[in-house]
Amino acid sequence: MPEQTINRRQLLAATAAAGAVAATGLSSTASAQAKRLPGVQLYTVRDAMAKDVEKTLQAIAGIGYREVEFAGYFTRPAKEIKGMLTRFDLSSPSTHVNGETVERDPTPFVDLAAEIGHDYVTIAYMQPENRQTADDWKRWVDVANRLGEACRKNGLRAAYHNHDFEFKEIDGVVPFELLLAETDPDLIDFEVDFYWVAEAGHSIRDVLAKAPERMVLSHIKDRHVDGRMVDVGDGTIDFEGILADPVAASIRHCFVEHDIPDDPFQSVAASHQVLRVLLQ
């Protein structure tokens, strides 16, 4: 069952209490949590990015986000992207890439990511026709490890981002378990998407506990009781409790995401209100 959460109003009301705790000293867990900065996955505002990357990044910074995760550069060269990040006081620890893009040769994309200044290249998705069998997934394990090697040569790391389909058994294999077991822990970390874990019917805490030291990135994405994706604080996921749990201690980056918001900027602004409280 999905973890239950307090609602948006309760979270925002907790700001004063969080400030009081900060004034009297933080526990080691809370101290680590305080180092996390509010981030957003730019896929949420992809239509705006396609029209004007610079204005979109400026708007995101204006909302109060300090970290962004890219999902495409929309033909803008690395030098321009890096300049925009500097100009708007943003950092970009991670960028997403489809598995097919790095399947044959990950080097060109990894070189681009290194030039921009990302820390992680994260496999975000593979097309359904390319993940139908256990052998398909074994191939993706190999792709991930080769991506990890290419990243290491550039001083970066690779990661894998989950959806719900990695938790569905195929030919006697659960893809997520295969990825955990067969990707090299010295090369591959994980980005845990809270919504998709819950949508798959799993406990987010249990998934984090499978390899806590490798769960370093997260998508802070909420799920309504009826299964809809909603803004952070409007659903049923216990972000406050999970992020304070020792199993989440290695999570260093928290990116808000909403795949299909009615109003993308209103969505990321509303989620930021909650996230900044969670990360205090």
- Scoring only Lys, Arg, Asp and Glu (+1, +1, -1, -1) among other residues with Cβ under 10 Å from the Cβ of LEU37 yields +4
- Subtracting the Cα-Cα distance from 0.36 nm times the residue separation, let me have the gained length for LYS138 to ARG46 in nm, one decimal. 30.0 nm
- Item | Cα pair distances exceeding 15 angstrom across the range 29-89, given as percent | 50
- Roughly how many Å is it from the Cα centre of the range 60-93 to that of the range 238-265, as a whole number? 20
- Note on the structure: Given backbone amide H placed at 1.01 Å from N, residues whose amide H is under 5 Å from that of ALA71, ignoring those fewer than 5 places away on the same chain, are LEU42, TYR43, HIS96
- Between VAL174 and ASP259, take the C-beta separation as r, use R0 = 30 Å, and let me know the FRET efficiency to the nearest 0.05. 0.80
- Message: Taking 0.36 nm per residue of sequence separation and subtracting the Cα-Cα distance, how much length would be gained by fully extending the chain between LYS79 and GLU54, in nm to one decimal?
- Response: 7.7 nm
- Note on the structure: Scoring the chain by relative contact order with C-alpha pairs under 8 Å, at least six apart, yields a percentage of 26
- Item | Of VAL141, VAL40, VAL68, the one that fluctuates the most in a GNM where the chain has Cα springs shorter than 10 Å | VAL141
- For the chain, built as a Gaussian network whose Cα springs stay under 10 Å, the top-fluctuating residue of ILE170, ILE242, ILE188: ILE170
- Task: Scan around ALA159 for amide H atoms under 5 Å from its own, H built in the peptide plane at 1.01 Å from N, and keep only partners 5 or more places away or cross-chain.
- Result: VAL121, THR122, ILE123, ASP189
- Query: What are the principal axis extents of the Cα atoms in the range 168-231, in Å, biggest first?
  - Reply: 36, 29, 15
- Message: List the trypsin sites (Lys or Arg not before Pro) within the range 78-116 that DSSP assigns to loop and that have no more than 10 neighbouring Cβ atoms inside 10 Å.
- Response: ARG104
- Determine the sum of side-chain charges near VAL216: Lys and Arg each +1, Asp and Glu each -1, restricted to other residues whose C-beta is under 12 angstrom from that of VAL216. 0
- Using 7 Å Cα-to-Cβ label points, what is the GLN266/LYS35 separation (nm, one decimal)? 3.8
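What is the local net charge at GLU129, summed over the other residues whose Cβ is closer than 11 Å to its Cβ (Lys, Arg +1; Asp, Glu -1)? Before the final figure, lay out the partial values.
Details: positive: ARG131; negative: GLU100, ASP136.
It works out to a net charge of -1.
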- Over the chain, how many percent of alpha carbon pairs lie in each 5 Å bin up to the one with the longest distance? 1, 6, 13, 17, 19, 18, 14, 9, 3, 1, 0
- Message: Show me the trypsin sites (Lys or Arg not before Pro) within the range 178-280 that DSSP assigns to loop and that have at most 13 other Cβ atoms within 10 Å of their Cβ.
- Response: ARG228
- Item | Fully extended contour minus Cα-Cα distance, from ARG228 to THR101, at 0.36 nm per residue | 42.8 nm
- Message: Give me, ordered by chain and number, the residues 5 or more places off ILE220 or on other chains with an amide H under 5 Å from its own placed amide H.
- Response: PHE255, VAL256, GLU257
- For the range 8-278, size of Cβ-based charge dipole, Lys and Arg +1, Asp and Glu -1, in debye: 1000
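Throughout, read-outs are computed from the coordinates displayed, never taken from laboratory work. As the structure is a computational prediction, the values presented were derived from the model and not from experiment. So basically every Cβ, Gly included, is an ideal-geometry build from the backbone, and we count neighbours across all protein chains shown.
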